[in-house]
Amino acid sequence: MTYYYVTTPIYYVNDAPHLGHAYTTVAADVLARWHRRRGEDVWFLTGTDEHSQKILRTAEANGVPPQEWADRLVEESWKPLWAHLAISHDDFIRTTERRHTDRVQEFVQDLYDKGEIYKGGYEGPYCVYCEEYKLPGELIEAEDGSGTPLCAIHRRPVELLKEENYFFKLSEYGDRLLAHYDAHPDFIQPASARNEVVNFVRQGLQDLSISRSTFDWGVKVPWDESHVIYVWVDALLNYATAVGYNENPEKFEATFPADVHLVGKDILRFHAVIWPAMLMANGLPLPGRIAANGWLLVGGEKMSKSNLTGISPETLTAHFGVDAYRWYFLRAIAFGQDGSFSWEDFTARYTSELANGYGNLASRVTAMTARYFEGSLPAPGEETEAERSLKSALLRAASEADHRIGDQLDFQGGILAVFDFVRQVNGYLTDQEPWKVAKSDSPGARTRLATILYTAADSLRAIAILLEPVMPETSERLWDSLGASTSLGPLSDQQVRDASAWGALPPGSPVTKGAVLFPRLDDRTDS
Ligand code: MSP
């Protein structure tokens, strides 16, 4: 067996998750669910990055030991949010777990034994928030006239750090990395991210300091316990340790390397340069793809805990619901691009696309079937050009969504393809006017009415399957109200290719008018 292996970054536990973290995690969840819908065996990994000076300092500032701080955040904030957002990960790795730390030591020891690591000194500006030494071009000056150098990403002062550290011979991997990018044009996505990485590597790589000796919250360097392993080397290895590296060869073979590492563009270089070089150095295979998402912005800046102005994922799900939340960011922002959140935009799209578009279609069709056919889905009569054209629209929408989401990680394009079909089914009803056909006593009217409602209901069956990865709970409810859970079995057994198998919903399915899929939004009182 081989798994389609998808990962999120493992998140720092210095604070609770915010919209930006949830954005990457929801995208990974949609990708994982999509591949499950293709009938593949999927392994979806997320977790937390718990070492580093930043976390030590936060824990100290809060007066608790770092492990206790991490335990508290993981149990009280991170895991509950992922459960709330219906994230379907198969494993959650924490870098303070023994299954991780032991293997990290073995990996690094192997590199040392192979002569890939040496002891040296380094002095330079360091950003604690990036956990990275900075090059002069990556700094900006404070605007207060003091000339204080700041990290361009975090806009916070860098610290001048001088250390005797162990170094990994990263500089020797430039040519091999460039050759790999060349041979695998899709390795880094989107193209803008790829170009940035290629240019960076072309400029020449410096060796990487992979240990720290000024604090001890980390995995100890096995041959020199006065050092801890650099948090990024520790963290990147989660993708290997979580799937049985040096522990469970069968599981490791079946899973590693990842098909897709989803990451924010802020951490692209770690994944597209350092991580593959580490794997090359240890003779391990490289991942299929590193896909970078853009930033969610607030006031034109990367969204972070400090500039969130109180908008948490829970604030939004309380107002719009979990499924609409999952849908919104992927629908509104082209994956890979930056985007801003606004209440107005979310509200407008919710109302027009979810409530008036998709939700209204579902309630019209189930209500009319309940009313005109006592809730038993009628068998269709002869089909006309209108049904044939809807059928080909479904085929197009299903294959487009499959290709865009499943292969290209173009979540927006895939969602739009399905919603275009929703619009066509709504248009079909408007054209066919089943409510008028129901009143007609001409011969054949009853059969025509059956055909129209069957066609619309079967279209909804397909829509429920295609939208399950994005809006799982809504799809389940629609599936139930179409009677499909009784006549076809659980939604989880359905595959993408079944979606376009026209006529799959058995006549006689017990259709009920379920609860409204997307209720009208209450007036907002919380902002
Ligand atoms: N611990 C490292 C990752 C190690 S992976 C081996 C880290 N953690 S983090 O908590 O800072 O989370 C970073 C990730 O969260 C980003 O790469 C991105 O995926 C997501 N985001 C955090 N803020 C974000 C935005 N404002 N917008 C979009 N994604 C954001 O870095």
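The values are calculated or read from the model by the stated rules, or taken from the named source; none is laboratory data. All of these numbers come straight from a predicted model, not from anything done at the bench. Cβ placement follows ideal geometry from the backbone for every residue including glycine, while neighbour counts extend to all protein chains displayed. Note: areas computed on protein heavy atoms with side chains; ligands, DNA, RNA excluded. Shrake-Rupley method; radii C 1.70, N 1.55, O 1.52, S 1.80 Å.
Can you tell me which of Leu286, Leu316 is within 16 Å of the ligand (Cβ to nearest atom), part of a helix (DSSP H, G or I) and at negative phi?
Checking each option against the conditions leaves just Leu316.
Condition test on Glu344, is it open to solvent by 10 Å² or more (accessible area, probe 1.4 Å), of a type outside the set (Ser, Thr, Tyr) and within 11 Å of the ligand (Cβ to nearest atom)? Write out each step before concluding.
Values: open to solvent by 10 Å² or more (accessible area, probe 1.4 Å): yes; of a type outside the set (Ser, Thr, Tyr): yes; within 11 Å of the ligand (Cβ to nearest atom): no.
So Glu344 fails the test.
Looking at (1) within 13 Å of the ligand (Cβ to nearest atom); (2) at pLDDT 95 or above; (3) not in a helix (DSSP H, G or I), can you tell me which one Ile311 breaks?
All conditions are met except number (2).
Could you please find all residues in the range 107-144 being surrounded by 15 or more Cβ atoms within 10 Å (Cβ to Cβ), modelled with pLDDT of 95 or more and among the charged types (D, E, K, R)?
Scanning the range 107-144 gives Asp110, Glu116.
Need a quick list: helices (runs of 4 or more DSSP H) entirely within the range 385-448 having at least 3 residues that are under 22 Å from Gly39 (Cα atoms). Quick ask: steps written out before the conclusion?
Numbers: elements: 385-401, 411-432, 434-437.
Output list reads 385-401, 411-432.
Assuming Met280 fulfils every condition listed in (1) closer than 24 Å to Leu208 by Cα; (2) within 8 Å of the ligand (Cβ to nearest atom); (3) surrounded by fewer than 23 Cβ atoms within 10 Å (Cβ to Cβ) apart from one, which condition is it?
Failed condition: (2).
How many residues are touching a His at 6+ places or on another chain (Cβ under 6 Å) and either among the aliphatic types (A, V, I, L, M) or open to solvent by 10 Å² or more (accessible area, probe 1.4 Å) (or both) if we restrict to the range 259-276? Don't jump to the end; show me each part of the working.
Filtering the range 259-276 for residues touching a His at 6+ places or on another chain (Cβ under 6 Å) gives 261, 263, 271.
Cutting the leftovers down to either among the aliphatic types (A, V, I, L, M) or open to solvent by 10 Å² or more (accessible area, probe 1.4 Å) (or both) gives us 263.
Residues meeting the conditions: 1.
When you go through (1) under 30 Å from the mean Cα position of the chain (by Cα); (2) under 25 Å from Val13 (Cα atoms) one by one for Gly174, which number turns out not to apply?
Checking Gly174 against (1) under 30 Å from the mean Cα position of the chain (by Cα); (2) under 25 Å from Val13 (Cα atoms), the one that fails is (2).
Which of the helices (runs of 4 or more DSSP H) contained wholly in the range 57-125 include at least 2 residues that are within 19 Å of the chain's Cα centre (by Cα)?
Correct list: 79-84.
Here is a check on your reading of the model: is Arg194 basic (Lys, Arg), more than 28 Å from Tyr122 (Cβ to Cβ), surrounded by 19 or more Cβ atoms within 10 Å (Cβ to Cβ) and away from the ligand (no atom under 14 Å from the Cβ)?
Taking the combined requirement at face value, the residue satisfies it.
Among the residues of the range 64-75, are any β-branched (Val, Ile, Thr), under 26 Å from Ile229 (Cβ atoms) and within 15 Å of the ligand (Cβ to nearest atom)?
Scanning the range 64-75 turns up at least one residue that is β-branched (Val, Ile, Thr), under 26 Å from Ile229 (Cβ atoms) and within 15 Å of the ligand (Cβ to nearest atom).
Applying the selection to the range 482-515, what residues are among the polar types (S, T, N, Q) and open to solvent by 10 Å² or more (accessible area, probe 1.4 Å)?
If the condition is that a residue be among the polar types (S, T, N, Q) and open to solvent by 10 Å² or more (accessible area, probe 1.4 Å), then Ser485, Thr486, Ser487, Ser492, Gln494, Gln495, Ser500, Thr512 are the ones that fit.
Tally up the residues in the range 295-304 that are open to solvent by 60 Å² or more (accessible area, probe 1.4 Å), within 9 Å of the ligand (Cβ to nearest atom) and not in a strand (DSSP E or B), please.
0
Being within 16 Å of the ligand (Cβ to nearest atom), hydroxyl-bearing (Ser, Thr, Tyr) and modelled with pLDDT of 95 or more is the requirement here; does Thr241 meet it? Outline the logic, then answer.
Working: within 16 Å of the ligand (Cβ to nearest atom): yes; hydroxyl-bearing (Ser, Thr, Tyr): yes; modelled with pLDDT of 95 or more: yes.
Yes: the conditions hold for Thr241.
Residue by residue through the range 34-52, note down the ones that are open to solvent by 30 Å² or more (accessible area, probe 1.4 Å) and either basic (Lys, Arg) or in contact with a strand residue (DSSP E or B) (Cβ under 9 Å, 6 or more places away or on another chain) (or both). Spell out how you get there, then give the answer.
First, the residues of the range 34-52 that are open to solvent by 30 Å² or more (accessible area, probe 1.4 Å): 36, 38-41, 43.
Once the filter is applied, which keeps residues that are open to solvent by 30 Å² or more (accessible area, probe 1.4 Å) and either basic (Lys, Arg) or in contact with a strand residue (DSSP E or B) (Cβ under 9 Å, 6 or more places away or on another chain) (or both), the range 34-52 yields Arg36, Arg38, Glu40, Asp41, Trp43.
If I go through the range 169-191 residue by residue, how many of them are of a type in the set (A, V, I, L, M, F, W, C) and either surrounded by 13 or more Cβ atoms within 10 Å (Cβ to Cβ) or touching a Pro at 6+ places or on another chain (Cβ under 6 Å) (or both)?
Initially, the range 169-191 is screened for residues of a type in the set (A, V, I, L, M, F, W, C), giving 170, 177-179, 183, 187-188, 191.
The next check asks that each one be either surrounded by 13 or more Cβ atoms within 10 Å (Cβ to Cβ) or touching a Pro at 6+ places or on another chain (Cβ under 6 Å) (or both); those that pass are 170, 177-178, 187-188.
Counting residues in the range 169-191 that are of a type in the set (A, V, I, L, M, F, W, C) and either surrounded by 13 or more Cβ atoms within 10 Å (Cβ to Cβ) or touching a Pro at 6+ places or on another chain (Cβ under 6 Å) (or both) gives 5.
Could you grab me the full set of residues in the range 60-84 that are over 30 Å from Pro472 (Cα atoms) and polar (S, T, N, Q)?
Hits for the range 60-84 are Asn62, Gln67.
Starting from residues that are of a type outside the set (A, V, I, L, M) and over 24 Å from the mean Cα position of the chain (by Cα), keep the ones in the range 390-420 and report whichever is surrounded by the fewest Cβ atoms within 10 Å (Cβ to Cβ).
The residue in question is Ser392.
Check Tyr328, Tyr372 and return the single one that is within 16 Å of the ligand (Cβ to nearest atom) and aromatic (Phe, Trp, Tyr).
Only one candidate passes the filter, namely Tyr328.
Which ones in the range 14-33 are away from the ligand (no atom under 11 Å from the Cβ) and open to solvent by 10 Å² or more (accessible area, probe 1.4 Å)? Please lay out each step first, then the result.
So in the range 14-33, the residues away from the ligand (no atom under 11 Å from the Cβ) come out as 29-33.
The answer is Arg33, and nothing else.
Any idea which of Ala235, Ala291, Ala272 is within 11 Å of the ligand (Cβ to nearest atom), at pLDDT 95 or above, touching a strand residue (DSSP E or B) at 6+ places or on another chain (Cβ under 6 Å) and farther than 30 Å from Ser342 by Cβ?
Values: Ala291 fails: farther than 30 Å from Ser342 by Cβ; Ala272 fails: within 11 Å of the ligand (Cβ to nearest atom).
The match here is Ala235.
Which condition does Leu161 not pass, out of (1) touching a residue at least 12 places away in the same chain (Cβ under 8 Å); (2) farther than 26 Å from Lys302 by Cβ, if it passes all the others?
That leaves (2) as the condition not met.
What about Asp234, is it charged (D, E, K, R), at negative phi and open to solvent by less than 10 Å² (accessible area, probe 1.4 Å)?
Judged against the criteria, Asp234 is a match.
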